[in-house]
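Novice: Let me begin by handing over the structure; questions about it come next.
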Amino acid sequence: MAQTRKYPMGKPLNNLQGFRFGSLTVLQLGEKQRQHNGAWWLCLCDCGTQKNIPATDMVQGKISSCGCEHTKRIAKSNITHGMSKTRTYKLWEAMRNRCNRINQDYSCRGITYDERWDAFENFLQDMGEAPEGLSLDRIDFNGNYHKANCRWATREQQANNTRANIFIEWDGKCQTRSQWEKELGMRPTTLRSRLKAGWPMERAMKPLKWVAEGNTPTPADEGTQ
C-alpha cells in the first residue's frame with residue numbers, strides 16, 4: 001500500500017491514491033457503484049472494511065469512513081442521551097458539519113467550534129434544548145461556535161446578523177437597513193432605494209406614515225417617498 005498522505009487544502013487532485021480522509025485510506029481507483037460525477041476510489045477503512053467511495057464526497061468531507069463511524073456515533077448517542085432524533089441534536093450535528101466540510105464557506109473562513117462540543121452532551125449542557133421556533137446563532141457572525149458566542153435566535157434575529165447585511169448608524173443607534181425600515185414604517189427596500197439614489201441621510205431617514213390594510217401596508221403619502 002502506498003504511504004498515506006494528508007489531503008492538502010485547495011484544488012482537488014486527480015490521483016488520490018495514498019491519501020487519507022478521516023478513517024479512510026485510498027488504495028486504488030475503484031469501480032462506480034451508481035451514476036455519479038467523477039471517479040470512485042477503493043478505500044480501506046480503519047475498521048478493516050474496503051469500500052468504493054466517490055472522490056468528491058471524500059474531498060468535500062461528506063464521507064470519512066465506510067459508515068462504521070456514523071453507526072458508532074448513533075449507537076453511542078442513543079446510549080448516553082437518547083436524543084439523536086431530536087431537533088436539538090440535528091442542529092448540533094448541522095453546526096459541526098458546516099465547520100468540518102473542506103473548502104466550504106465556514107472552514108475557509110476558519111470558523112470552528114469549541115472542542116468540548118464534539119460531544120453532544122457538552123453542547124446540551126452549555127446551551128440547553130432548542131426552544132420551539134429558535135435556531136442556533138452566533139452573536140458575532142465572524143466568531144466561532146462556543147457558549148459565550150452562541151444563542152437560540154429567531155429567523156429575524158439571524159437574518160439581521162449576517163455578513164450580507166448593511167449597517168447604518170443614525171441618531172446614536174446602529175442597526176441593519178431592514179431594521180431601520182421596520183422601525184421607521186417603511187416598505188422593504190425603501191431605504192435602500194433612497195440611499196442608492198443618493199439622498200442625504202436627513203431626508204433618507206424620514207419615516208413614512210402607514211395605514212394598515214390587512215397584511216399589506218399602504219403608504220399614506222407616496223409623495224414623501
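Novice: Taking the condition at pLDDT 70 or above, closer than 19 Å to residue 62 by Cβ and open to solvent by 80 Å² or more (accessible area, probe 1.4 Å), does residue 11 pass? Reasoning before the result, please.
Specialist: Details: at pLDDT 70 or above: no; closer than 19 Å to residue 62 by Cβ: yes; open to solvent by 80 Å² or more (accessible area, probe 1.4 Å): yes.
The answer is no for residue 11.
Novice: Enumerate the pairs (first residue in region 66-77 and assigned to a helix (DSSP H, G or I) and at pLDDT below 70; second residue anywhere and open to solvent by less than 30 Å² (accessible area, probe 1.4 Å) and of a type in the set (A, V, I, L, M)) with beta-carbon separation below 8 Å, excluding pairs fewer than 6 apart on the same chain, so at least 6 apart or on different chains.
Specialist: Within 8 Å, the pairs are 77/83.
Novice: Would region 176-192 turn up any residue that is open to solvent by 80 Å² or more (accessible area, probe 1.4 Å), hydrophobic (A, V, I, L, M, F, W, C) and either more than 30 Å from residue 92 (Cβ to Cβ) or at pLDDT below 75 (or both)? Spell out how you get there, then give the answer.
Specialist: First pass over region 176-192, keeping only residues open to solvent by 80 Å² or more (accessible area, probe 1.4 Å): 182-183, 188, 192.
Keeping just the survivors that are hydrophobic (A, V, I, L, M, F, W, C) gives none.
No, region 176-192 contains no residue that is open to solvent by 80 Å² or more (accessible area, probe 1.4 Å), hydrophobic (A, V, I, L, M, F, W, C) and either more than 30 Å from residue 92 (Cβ to Cβ) or at pLDDT below 75 (or both).
Novice: Condition first: outside any helix (DSSP H, G or I), closer than 15 Å to residue 87 by Cα and either open to solvent by less than 50 Å² (accessible area, probe 1.4 Å) or at pLDDT 90 or above (or both). Now tell me which residues in region 121-146 satisfy that.
Specialist: Those that are outside any helix (DSSP H, G or I), closer than 15 Å to residue 87 by Cα and either open to solvent by less than 50 Å² (accessible area, probe 1.4 Å) or at pLDDT 90 or above (or both): 128, 129, 130, 131, 132, 134, 135, 136, 137.
Novice: Determine which member of the set 38, 30 is farther than 25 Å from residue 84 by Cβ, at pLDDT below 90 and open to solvent by 40 Å² or more (accessible area, probe 1.4 Å).
Specialist: 38
The values are calculated or read from the model by the stated rules, or taken from the named source; none is laboratory data. Since we're looking at a predicted model, the values are computed, not measured. Neighbour counts are summed over all protein chains in view; Cβ atoms, including those assigned to glycine, are modelled from backbone coordinates with ideal geometry. Protein only, heavy atoms only, side chains kept; ligands, DNA and RNA dropped before computing areas. Shrake-Rupley method; radii C 1.70, N 1.55, O 1.52, S 1.80 Å.
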